[in-house]
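The values are calculated or read from the model by the stated rules, or taken from the named source; none is laboratory data. Everything numeric in this text was worked out from a predicted model, so none of it was measured. When we count neighbours, we look across all protein chains shown, and the Cβ atoms used for this are built from the backbone with ideal geometry, even at glycine.
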Amino acid sequence: MAGSARPVALITMATGYVGPALARTMAERGYDLVLQGAAGDDSMVAVERSFEEQVPPLEALGATVQTVSDIDLTSAEGNAALVAQALDRFGRLDSACYVTGVIVVGKFLEMTLKQWEQIKRSNLDMVFHALQAAIPPMVGAGAGQIVVFTSSTGGRPEPMTSIYGGTRAGANGIVRAVGLEHARDGVQVNAVGTNFMDFPGFIAASGADDPERRKRIEAQTPMRRLGTMDELANVTAVLLDGTNRFQTGQFFDFSGGWGA
C-alpha cells in the first residue's frame, strides 16, 4: 500500500456532469484524485471529457491521479473494488463524491418495469453500495467527507417525475440518516440535489436544446437561468475539502431557488 502526504478525493462519473470541474477544483485545493469515469456507450453518464484530456492539466496542478473505468457502481463488488483501488494507490481516502442516478421522466402509468428496475438500481442501489464501501475506512481514520449527488426533485414532488423524484427522495433520506449515524465518528455525509443544470443529460431530458423551449425552462427558476458546472463544483468542494466540518446529514438544494 502506497502512502500519500496529500489528502485524497474520489470522484465518480468524473468524465461527465460536474466531474471535470470538481476534479480541477479539488486539485487546486491540494488533493490527489481517484477518478472513476465512463468508458462505454452504455454508461449512465456520457463521456463529455475523456481522461486523456483531464489528467495532464490536473497533474500540472500538482495532483497525482488514478483513473478507473469499466466498473459497476450499482453493485457492492464494484464499489468495494473502487475504494480498494484508492486505498491501494494512496493508503487513504479523505473525501468521496458519488454522482448517482439517471433521469427518467414521464407519466406514471406509462413507466415500464424495465425503467422501474433501472431507476431503482441507479438512484438507490448506487447510494447504498457507495456509502457501505466508503464509510468504513473513514471511520477507521476518524475523519472523512462524503457527498452524494441526488436531485432537487427529491424534495419537491412534481407531475411526470413520480419514480424519479420518489427514488431521489429515498436516497436523500438514506444520506441524511447515515450522516447522523456517523457524526460521532468524524465522518460527514451530505446530499446535494440539483435541477436546471446546464449539462447534456438535463438538456436532452428536458428538451432544452431547442432555444424557445430552453427559455421556458429557465423561466421556471427564480434566477431565470441554468446553473453551471463551475458553480456546482465550488459548492460541492466546500463539503469535501475539510474546511467545513460542522455540517452533516443535510440535503442541499442547488436549483436556482426552484426547490426552496
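State yes or no: is V235 within 24 Å of I103 (Cβ to Cβ) and in a helix (DSSP H, G or I)? Talk me through it step by step, then tell me what you get.
On the way: within 24 Å of I103 (Cβ to Cβ): yes; in a helix (DSSP H, G or I): yes.
For V235, the condition - within 24 Å of I103 (Cβ to Cβ) and in a helix (DSSP H, G or I) - is met.
Check whether at least one residue in segment 36-56 is part of a loop (DSSP other than H, G, I, E, B), more than 23 Å from G101 (Cα to Cα) and modelled with pLDDT of 95 or more, and report yes or no. Explain how you work it out, then say what you get.
Residues of segment 36-56 that are part of a loop (DSSP other than H, G, I, E, B), as a first pass: 37-50.
Now narrow it down to the ones that are more than 23 Å from G101 (Cα to Cα): none.
Scanning segment 36-56, I find no residue that is part of a loop (DSSP other than H, G, I, E, B), more than 23 Å from G101 (Cα to Cα) and modelled with pLDDT of 95 or more, so the answer is no.
Mind listing just one residue for me: the one in segment 116-152 that is touching a residue at least 60 places away in the same chain (Cβ under 8 Å) and in a helix (DSSP H, G or I) and, of those, surrounded by the fewest Cβ atoms within 10 Å (Cβ to Cβ)?
Among them, the one singled out is S122.
Could you tell me which numbered condition G193 fails, if it satisfies all but one of (1) surrounded by fewer than 16 Cβ atoms within 10 Å (Cβ to Cβ); (2) part of a strand (DSSP E or B)?
Condition not satisfied by G193: (1).
Out of (1) surrounded by 18 or more Cβ atoms within 10 Å (Cβ to Cβ); (2) at pLDDT below 95, what's the single condition that is false for M160?
It fails just one condition, (1).
Just checking, how many residues over segment 83-115 are in a helix (DSSP H, G or I) and either under 30 Å from V187 (Cβ atoms) or touching a helix residue (DSSP H, G or I) at 6+ places or on another chain (Cβ under 6 Å) (or both)? Don't jump to the end; show me each part of the working.
Applying the first criterion (in a helix (DSSP H, G or I)) to segment 83-115 yields 83-90, 108-110, 113-115.
Within this subset, residues satisfying the condition of being either under 30 Å from V187 (Cβ atoms) or touching a helix residue (DSSP H, G or I) at 6+ places or on another chain (Cβ under 6 Å) (or both) are 83-90, 108.
Here the count works out to 9.
If the Cβ limit is 8 Å and pairs must be 6+ apart or interchain, which residue in segment 234-258 that is over 18 Å from G154 (Cβ atoms) pairs with which residue that is polar (S, T, N, Q) and modelled with pLDDT under 95?
Cβ pairs passing all conditions: V238/N244.
Contact list please: Cβ distance under 6 Å, first residue in segment 184-195 and closer than 27 Å to T153 by Cβ, second residue of a type in the set (V, I, T) and assigned to a strand (DSSP E or B), pairs at least six apart or on different chains.
From segment 184-195, the pairs are V189/I146; N190/V147; A191/V148; V192/V147.
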